[in-house]
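Since the structure comes first, as structure tokens, the remarks are kept for the end.
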Amino acid sequence: QFITISAALFAFPLHNQFPSFTRPHSLFADWSPTQAPNPSTMAAAVGLLTALANPTKLLLALFLVLHLVPFSSITAAAAISIGVNYGAYANNLPPPAQVAAFLKDRTFIDRVKLFDANPDMVRAFAGTGISLMITVPNGDIPSLASRSSAPSPAASAWVASHVAPFYPATNISLVAVGNEVLATADRNLIAHLVPAMRSLYSALSAAGFHQIRVSTPHSLGILSTSEPPSIGRFRRGYDRAIFAPMLDFHRRTRTPFVVNPYPYFGYTARTLNYALFRPNSGIFDPATGVNYTNMFVAQLDAVHAAMRRLGYDDVEIAVGETGWPSAGEPGQLGVSVEDAISYNVNLIRLVNSGNGTPMMPDRRFETYVFALFNENLKPGPTAERHFGLFNADFSPVYDVGLVRGQDHFN
């Protein structure tokens with residue numbers, strides 16, 4: 001395996017010389033180092049790789065190739081796993097098939113989250129290998145719920161209409177039941193949320209789609225307290241009635257608890273650097289002795305602390321939305337291309353680092369950046385129309401290293 005990867009890295013047609021060698025289908029096949037090895041290094045590498053035909057020189061060649069290829073010259077983007085939210089609140093976006101092809105062929109983005117189950121969008125990702133999260137509209141939640149362990153007729157019908165025609169050609173990895181349902185304050189939706197999640201999971205299982213997960217994204221309004229992180233707790237009344245049974249569902253089904261942390265909506269002039277992963281004095285948590293120097297990590301740990309209070313700190317956390325706008329109102333503090341780059345580059349690095357957080361060490365986090373495109377029809381302040389990583393013509397709004405050939409993660 002190492003020999004095959006080495007051949008791909010140096011772009012030598014080793015598979016022509018040795019029929020048993022095949023070009024690996026991986027990000028390394030499109031490898032583009034930021035600094036190419038010098039000519040003498042390349043020449044030596046050619047000789048060493050050719051020498052692999054002689055088994056007696058195998059171990060020596062492997063050793064020398066390992067030392068000839070600087071680790072830093074291999075683009076770190078090859079190891080990145082990151083998702084985006086693909087919204088369509090615009091009148092100038094390219095067709096879904098072009099979007100899917102662009103993401104597959106020209107970016108390192110390997111996950112996409114949809115805010116609905118638009119069949120044209122779902123179909124467009126067939127054969128791309130990109131993991132897709134689709135969403136049940138909030139209004140469908142009551143009909144999906146079931147009082148028993150069996151799926152409701154509506155849940156079975158939803159799976160038959162929105163999953164079965166596309167899976168597994170389209171890699172649907174998760175179905176989100178609604179979006180930020182508790183933030184609606186609609187008692188009927190909230191009361192039916194967990195039963196709908198259970199029912200839809202049962203419908204997916206009954207259809208044989210055992211690999212598709214079920215969850216629901218939450219805003220951080222689900223917390224009554226969050227700073228410092230160790231005092232994080234769910235809103236009273238929802239903690240035992242909603243979140244305990246929901247987290248029990250996640251534990252039993254091994255599915256993630258999805259949250260949408262947005263430091264952008266919580267910063268002030270004093271905490272701007274704290275929100276943007278820039279040097280700052282931090283916020284000290286006396287209960288844990290940890291000094292938090294970025295708001296995103298603190299928000300994740302506050303959610304974890306709330307889960308721990310209910311006895312479910314073993315449930316995985318995923319990030320359904322987070323991002324930073326690149327433009328806002330004239331003179332708006334903390335909203336610029338430079339600020340968006342600072343947030344998103346450091347976010348992507350953090351969730352892929354494997355370092356985790358103080359309360360959740362040694363973890364990576366499934367994360368979906370908001371958003372794929374600037375959406376020109378979104379209502380509200382100017383910033384709402386400038387969260388995108390890309391313009392409608394696929395040109396980057398700014399460079400965070402997700403386009404093949406770029407690298408911001410060394």
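Results, tabulated for the structure shown:
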{"read-out": "Test: residue in the range 216-224 that is closer than 30 Å to PHE166 by Cβ, touching a Ser or Thr at 6+ places or on another chain (Cβ under 7 Å), modelled with pLDDT of 95 or more and not aliphatic (A, V, I, L, M)", "value": "no"}
{"read-out": "Every residue from the range 108-127 that is small (Gly, Ala, Ser) and not in a loop (DSSP other than H, G, I, E, B)", "value": "ALA124"}
{"read-out": "Extreme residue, most open to solvent (accessible area, probe 1.4 Å), among residues of the range 382-407 that are in a strand (DSSP E or B) and more than 19 Å from PRO96 (Cβ to Cβ)", "value": "PRO396"}
{"read-out": "Single residue of SER152, SER161 found to be open to solvent by 40 Å² or more (accessible area, probe 1.4 Å), of a type outside the set (A, V, I, L, M) and over 22 Å from the mean Cα position of the chain (by Cα)", "value": "SER161"}
{"read-out": "Looking only at the range 321-356, and only at residues there that are aliphatic (A, V, I, L, M) and assigned to a loop (DSSP other than H, G, I, E, B), the one that is surrounded by the fewest Cβ atoms within 10 Å (Cβ to Cβ)", "value": "LEU333"}
{"read-out": "Check on THR255, more than 27 Å from GLU338 (Cα to Cα), in a loop (DSSP other than H, G, I, E, B) and either among the β-branched types (Val, Ile, Thr) or touching a Gly at 6+ places or on another chain (Cβ under 8 Å) (or both)", "value": "yes"}
{"read-out": "Checklist (1) closer than 18 Å to MET197 by Cα; (2) within 23 Å of the chain's Cα centre (by Cα); (3) open to solvent by 20 Å² or more (accessible area, probe 1.4 Å) applied to GLY266, failing item", "value": "(1)"}
{"read-out": "Long-range neighbours under 8 Å by Cβ, at least six apart or interchain, first residue touching a residue at least 24 places away in the same chain (Cβ under 8 Å) within the range 291-302, second among the charged types (D, E, K, R)", "value": "TYR292/ASP285; TYR292/ASP301; ALA298/GLU227; ALA302/GLU227"}
{"read-out": "Enumeration of residues in the range 97-130 that are open to solvent by 30 Å² or more (accessible area, probe 1.4 Å) and closer than 18 Å to SER161 by Cβ", "value": "PHE115, ASP116, ASN118, PRO119, ASP120, ARG123, ALA126"}
{"read-out": "Residue list for the range 236-263, filter: farther than 15 Å from LEU220 by Cα and open to solvent by 40 Å² or more (accessible area, probe 1.4 Å)", "value": "GLY237, ARG240, ALA241, ASP248, ARG251, ARG252, ARG254"}
{"read-out": "Residue in the range 223-234 that is open to solvent by 40 Å² or more (accessible area, probe 1.4 Å), more than 26 Å from LEU300 (Cα to Cα) and not hydroxyl-bearing (Ser, Thr, Tyr) present", "value": "no"}
{"read-out": "Failed criterion for MET359 (all others in (1) surrounded by 19 or more Cβ atoms within 10 Å (Cβ to Cβ); (2) in contact with a strand residue (DSSP E or B) (Cβ under 6 Å, 6 or more places away or on another chain); (3) under 25 Å from ARG236 (Cβ atoms) hold)", "value": "(2)"}
{"read-out": "Matching option when the condition is farther than 23 Å from ALA126 by Cβ and either without any contact (Cβ under 8 Å) to a residue 24 or more places away in the chain or in contact with a Pro (Cβ under 6 Å, 6 or more places away or on another chain) (or both), among SER149, SER219, SER224, SER161", "value": "SER224"}
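The values are calculated or read from the model by the stated rules, or taken from the named source; none is laboratory data. Source: prediction; values computed, not measured. FYI the Cβ positions are ideal-geometry reconstructions off the backbone, even for glycines, and counts take in every protein chain you see. Heads up: the accessible areas ignore ligands, DNA and RNA and are worked out on the full protein's heavy atoms, side chains in. Shrake-Rupley method; radii C 1.70, N 1.55, O 1.52, S 1.80 Å.
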